[in-house]
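Remarks on the structure that follows.
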Amino acid sequence: MPDSDRDRSPWHTVWAYTKAYWHWPVLLVMGIYVYQQYMPSIDLADEGRPAPTVAAETLAGDRFRLEDHRGTVVVVNVWATWCPPCRVEMPGFVDLQREFADAGVQFVGIAVDRDGADAVRPFVEKQGINFPQIANPAVAARHFPGEAVPRTYLIDKQGRIRYEHSGVILKWALDDALARLVNETRPEKSEP
């Protein structure tokens, strides 16, 4: 076989790209490792502002009321299917919901896609998202206003927003904060 024919083979092309660009995957893995190791821990506010009184229909047709979850830790994630950082963080939220469900943590997503359930439902089903989803941009605008997605809010057992973050937030960043919120004791109500 002449050299020119061998140079055109798909394997030769793959090998040429591998030799030329081997460093990019290595740098990406190193960057993720460094981010994971040195990312500052979440600093929970001592006192937070009261969470809004959200009541909306989920994709499953159930009524989600934030007030019904007093006594549990709630993580509200405002996201969209077209948002790459939202897609990156979602598998970690699925894992955390599974890990912390018995400890009293409830995740809820509020998708801001303009096409509502038509856009959100296929993504939720494909990704196996295991927590309630509200596909209504008006709910996010009314109760958790902001332009950036994703936005994440940690709400303590007393219904106070103790932490809010705009931008991607990964599983290991939430892990310790959720454990701290779960282990907080509720103040006893004093008798009059």
Quiz item: Are any of the residues in the range 115-123 surrounded by fewer than 16 Cβ atoms within 10 Å (Cβ to Cβ), free of Cβ contacts under 8 Å to residues at least 60 places away in the same chain and in a loop (DSSP other than H, G, I, E, B)?
Solution: yes
Exercise. Answer yes or no: is there a residue in the range 94-113 that is touching a Gly at 6+ places or on another chain (Cβ under 8 Å) and part of a helix (DSSP H, G or I).
Key: yes
Exercise. Mind listing just one residue for me: the one in the range 99-109 that is in contact (Cβ under 8 Å) with a residue 40 or more places away in the chain and surrounded by 15 or more Cβ atoms within 10 Å (Cβ to Cβ) and, of those, nearest to Phe131 (Cα to Cα)?
Key: Val108
Quiz item: Of the residues in the range 172-189, how many are modelled with pLDDT under 90 and either under 14 Å from the mean Cα position of the chain (by Cα) or among the acidic types (Asp, Glu) (or both)?
Solution: 3
Quiz prompt | Subset of the range 49-103 that is among the basic types (Lys, Arg) and more than 13 Å from Gln158 (Cα to Cα) - its residue that is farthest from the chain's Cα centre (by Cα) | solution = Arg63
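Listed here are the residues, each with its yes/no results for (1) hydrophobic (A, V, I, L, M, F, W, C); (2) outside any loop (DSSP other than H, G, I, E, B).
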| site | (1), (2) |
| --- | --- |
| Val149 | yes, no |
| Thr152 | no, yes |
| Lys157 | no, no |
| Ile161 | yes, yes |
| Glu164 | no, yes |
| Ile169 | yes, no |
| Asp175 | no, yes |
| Leu178 | yes, yes |
| Leu181 | yes, yes |
Self-check item: Failed item, numbered, when Ser166 is tested on (1) under 23 Å from Arg49 (Cα atoms); (2) surrounded by 19 or more Cβ atoms within 10 Å (Cβ to Cβ)
Solution: (2)
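The values are calculated or read from the model by the stated rules, or taken from the named source; none is laboratory data. What you see is a predicted model, and the numbers here were worked out from it, not measured in a lab. In this analysis, Cβ positions are derived from the backbone assuming ideal geometry, glycine residues included, and neighbour counts consider all displayed protein chains.
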